[in-house]
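The values are calculated or read from the model by the stated rules, or taken from the named source; none is laboratory data. This structure is a prediction, so every number in the text was calculated from the model and none was measured. Counting neighbours? That spans all protein chains shown, and the Cβs are built from the backbone with ideal geometry, glycine included.
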Amino acid sequence: MTERQMQILAAIIEQHAEIAAPVGSVMLAKLFGVSSATVRSEMARLEEMGLIAQPHTSAGRVPTDTGYRFYVNTLTEAHENETEHSRPDRSARAIEARVGTQTNRADRAIRSAVDSLVDLTHNLGLATIGDELYLSGIGNLFSQPEFAQGNHTQAVARLLDNLEPWLREAAPNEPLNVYIGAENPIGKTSGASLIISRFRSPYSDRSYIGVLGSTRQSYAKVMRLVRHAGAMLEEVL
């Protein structure tokens, strides 16, 4: 894949997250300062690779699960090459401020971190506290336009019903795990992504905090905040 194709894929993913609609060549042409014909040619190649798709008869394109996976992998590689001492942004500092007042109670600190993620990402937030799964922001999840259709809603509900036993069984072993759409072992047709961080707590060496939302979201921001929340809880607890 060429550098420009990678940039166009990233732009489609980021624009789609903002507008919740297919992204057209005219918008991308203005963004990159090239002709619409050039963008359409590059989009055709991305479609051949299975990274974007044309829904219905729309002229625009949306990312596929494969496209999201490629994008998330590039974000993960970029993070691994970053300095560990980069300064937290305002959103990360907001989590720190909220959790910092609850450090004497592990359960309250974890709940505060989840509630912060809900406010900042507009997704459903979740965390394991001992043997329980704490959920917050379910209204955020089902207010997404993707989940207005009954079949998506039912698939997401199945995922939520089975999330706690699945986490115990799967025990994701990376500091940050991202399960996109059909990669979810439950609710494969839900169109949802689970972004989750493992951290050590007084309850377990395998505690988890994260968010569940539509596959259409700002992965760079959400992954950064979930990773930061997990690292910060591990540090203060």
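Of the residues Gly24, Gly100, Gly33, the single one that is loosely packed, with under 15 Cβ neighbours inside 10 Å, at pLDDT below 95 and either aliphatic (A, V, I, L, M) or closer than 30 Å to Leu120 by Cβ (or both) is Gly100. When region 226-237 is filtered for residues that are crowded, with 24+ Cβ neighbours inside 10 Å and in contact with a helix residue (DSSP H, G or I) (Cβ under 6 Å, 6 or more places away or on another chain), the ones remaining, listed by number, are Ala229, Leu233.
In region 157-180, is there at least one residue being charged (D, E, K, R), more than 25 Å from Ala78 (Cα to Cα) and within 18 Å of the chain's Cα centre (by Cα)? No, the conditions are met nowhere in region 157-180. Of the numbered criteria (1) surrounded by 15 or more Cβ atoms within 10 Å (Cβ to Cβ); (2) over 26 Å from Ala20 (Cα atoms); (3) aliphatic (A, V, I, L, M), the one Ala171 fails is (1).
This table checks each residue for (1) in contact (Cβ under 8 Å) with a residue 40 or more places away in the chain; (2) β-branched (Val, Ile, Thr); (3) surrounded by fewer than 16 Cβ atoms within 10 Å (Cβ to Cβ); (4) over 17 Å from Gly191 (Cβ atoms).
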{"residue": "Tyr68", "(1), (2), (3), (4)": "yes, no, no, no"}
{"residue": "Glu77", "(1), (2), (3), (4)": "no, no, yes, yes"}
{"residue": "Glu80", "(1), (2), (3), (4)": "no, no, yes, yes"}
{"residue": "Pro88", "(1), (2), (3), (4)": "yes, no, yes, yes"}
{"residue": "Arg93", "(1), (2), (3), (4)": "no, no, yes, yes"}
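A search for C-beta distances below 7 Å between a residue of region 153-167 that is assigned by TED's automatic domain parsing to the domain that holds Asn184 and any residue that is surrounded by 16 or more Cβ atoms within 10 Å (Cβ to Cβ) and part of a helix (DSSP H, G or I), counting only pairs 6+ apart in sequence or on different chains, returns Thr153/Phe147; Val156/Leu141; Val156/Phe147. All of Tyr68, Tyr134 fail the test of being under 19 Å from Tyr208 (Cα atoms), at pLDDT 95 or above and not β-branched (Val, Ile, Thr), apart from Tyr134. The combined condition, being at pLDDT 90 or above, in the same structural domain as Arg98 (by TED's automatic domain parsing), touching a Lys or Arg at 6+ places or on another chain (Cβ under 6 Å) and of a type outside the set (Gly, Ala, Ser), is fulfilled by Leu176. Can you name every residue in region 20-49 that is under 17 Å from Gly67 (Cα atoms), outside any helix (DSSP H, G or I) and of a type outside the set (A, V, I, L, M)? Across region 20-49, the qualifying residues are Pro22, Gly24. Of all the criteria given as (1) free of Cβ contacts under 8 Å to residues at least 12 places away in the same chain; (2) touching a strand residue (DSSP E or B) at 6+ places or on another chain (Cβ under 9 Å), the one not satisfied by Pro185 is (1).
Number of residues in region 114-134 that are over 16 Å from the mean Cα position of the chain (by Cα) and small (Gly, Ala, Ser) equals 1. Between Glu84, Glu48, the distinction of being modelled with pLDDT of 95 or more and exposed (fewer than 13 other Cβ atoms within 10 Å of the Cβ) belongs to Glu48 only. Residues that are in a strand (DSSP E or B) and either touching a His at 6+ places or on another chain (Cβ under 7 Å) or more than 30 Å from Met6 (Cβ to Cβ) (or both) are absent from region 81-89. For region 106-119, the condition holds for no residue, the condition being that it is closer than 17 Å to Gln15 by Cα, without any contact (Cβ under 8 Å) to a residue 24 or more places away in the chain and in contact with a Lys or Arg (Cβ under 7 Å, 6 or more places away or on another chain).
Applying the set (1) farther than 21 Å from Ser190 by Cβ; (2) at pLDDT below 90 to Leu141 leaves exactly one unmet item: (1).
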